1. Which condition number does Gly46 fail, the rest of (1) under 24 Å from Asp114 (Cβ atoms); (2) modelled with pLDDT under 95; (3) of a type outside the set (A, V, I, L, M, F, W, C) being met?
2. What are the residue pairs meeting all of these: first residue in region 1-20, first residue farther than 18 Å from Pro81 by Cβ and of a type outside the set (Phe, Trp, Tyr), second residue at pLDDT 95 or above and surrounded by fewer than 10 Cβ atoms within 10 Å (Cβ to Cβ), Cβ atoms under 9 Å, and 6 or more apart or on different chains?
3. Testing Asn74 on (1) under 15 Å from Ile2 (Cβ atoms); (2) assigned to a helix (DSSP H, G or I), one condition comes back false. Which one is that?
4. So Ala104 ticks every box in (1) in contact with a Ser or Thr (Cβ under 8 Å, 6 or more places away or on another chain); (2) farther than 27 Å from Glu12 by Cβ; (3) at pLDDT 95 or above; (4) not in a strand (DSSP E or B) but one. Which box is left unticked?
5. Looking at region 18-28, is at least one residue within 22 Å of Tyr127 (Cβ to Cβ), surrounded by 14 or more Cβ atoms within 10 Å (Cβ to Cβ) and among the acidic types (Asp, Glu)?
6. Could you say which residue among Val40, Val10, Val14, Val36 is touching a Phe, Trp or Tyr at 6+ places or on another chain (Cβ under 6 Å), at pLDDT 95 or above, among the aliphatic types (A, V, I, L, M) and farther than 15 Å from Gly129 by Cα?
7. Within the bounds of region 57-70, is there any residue that is assigned to a strand (DSSP E or B) and surrounded by fewer than 16 Cβ atoms within 10 Å (Cβ to Cβ)?
8. Kindly indicate the residue of region 18-49 that is basic (Lys, Arg) and outside any strand (DSSP E or B) and also nearest to the chain's Cα centre (by Cα) among those meeting that condition.
Amino acid sequence: MIYHGNRFTVKEGVTPEQREEALESLRNQGRVIPSVKSFVVGRDYGGEYEWGAIFVIEDLEGYWEYLMHPAHRNTDRIGLPLVDKFVSFDITDDPDPRMAEKIAELHQRRYDGDPELTELVSGLGSYTGSAAPGPHGK
């Protein structure tokens, strides 16, 4: 299993309505992407981030489905412009010693095929984690 997580803070000036639309889009990902086995979206406590989401996915094939699903793309489109600091991470019980590299390859393949996403991610104030360094080495 792969537990894919995101932690983030929103930019100054983001309205509660904008924030809730983005959070609801994250929740929708959990509801409609077939490879997502379970999920949680909510407040992030105990660190420097305000919000977070965890999506439980069975394997790399499901991870790719998750990344490419239109519901995920919708969240990118409406949510990333609102985000200041962002970190992604993955926790897995898969013993493959190349798992981190394989996950990074999936993200890079997605960036390579989606110039609009590349631009959105490049506009984040801070971006680290399993999907980083991102399309421009941020």
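The values are calculated or read from the model by the stated rules, or taken from the named source; none is laboratory data. Worth saying up front: this structure is predicted, and the values here are computed from it rather than measured. Every residue, glycine among them, receives a Cβ derived from its backbone with ideal geometry; neighbour counts consider all protein chains shown.
1. (1)
2. Pairs that qualify, where the first residue is farther than 18 Å from Pro81 by Cβ and of a type outside the set (Phe, Trp, Tyr) and the partner is at pLDDT 95 or above and surrounded by fewer than 10 Cβ atoms within 10 Å (Cβ to Cβ), are Met1/Asp93; Ile2/Asp93.
3. (1)
4. So Ala104 meets the others, but not (3).
5. Yes, region 18-28 contains at least one residue that is within 22 Å of Tyr127 (Cβ to Cβ), surrounded by 14 or more Cβ atoms within 10 Å (Cβ to Cβ) and among the acidic types (Asp, Glu).
6. After applying the criteria, what remains is Val36.
7. First, pick out the residues of region 57-70 that are assigned to a strand (DSSP E or B): 57.
In the following step, the residues that additionally are surrounded by fewer than 16 Cβ atoms within 10 Å (Cβ to Cβ) were identified as none.
No; the residues of region 57-70 include none that is assigned to a strand (DSSP E or B) and surrounded by fewer than 16 Cβ atoms within 10 Å (Cβ to Cβ).
8. Within region 18-49, the match that is nearest to the chain's Cα centre (by Cα) is Arg27.
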